[in-house]
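Peer 1: Would you mind keeping the following structure in view while I ask a few things?
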């Protein structure tokens, strides 16, 4: 089950996170990637298919530029 797999997962803070508390954490499973708010680790988790997450990361700018 996906939820139990993510409950035992090791979460990593985004490399884009600064010293403030506005951060996301990511965990990668075999088939899915979970994303959650680091301020609320017991809160909701966004779950993406690994292929969707890979496509998102590939299309995300890797510099400090606005997304729009």
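Peer 1: Taking the residues in segment 2-35 that are closer than 13 Å to residue 45 by Cβ and assigned to a loop (DSSP other than H, G, I, E, B) as candidates, determine which candidate is modelled with the lowest pLDDT.
Peer 2: Among those that are closer than 13 Å to residue 45 by Cβ and assigned to a loop (DSSP other than H, G, I, E, B), it is 8.
Peer 1: While we're on this one: How many residues are more than 13 Å from the chain's Cα centre (by Cα) and at pLDDT below 90 if we restrict to segment 41-68?
Peer 2: 13
The values are calculated or read from the model by the stated rules, or taken from the named source; none is laboratory data. The model shown is predicted, which means the values in this text are computed figures rather than measured ones. So basically every Cβ, Gly included, is an ideal-geometry build from the backbone, and we count neighbours across all protein chains shown.
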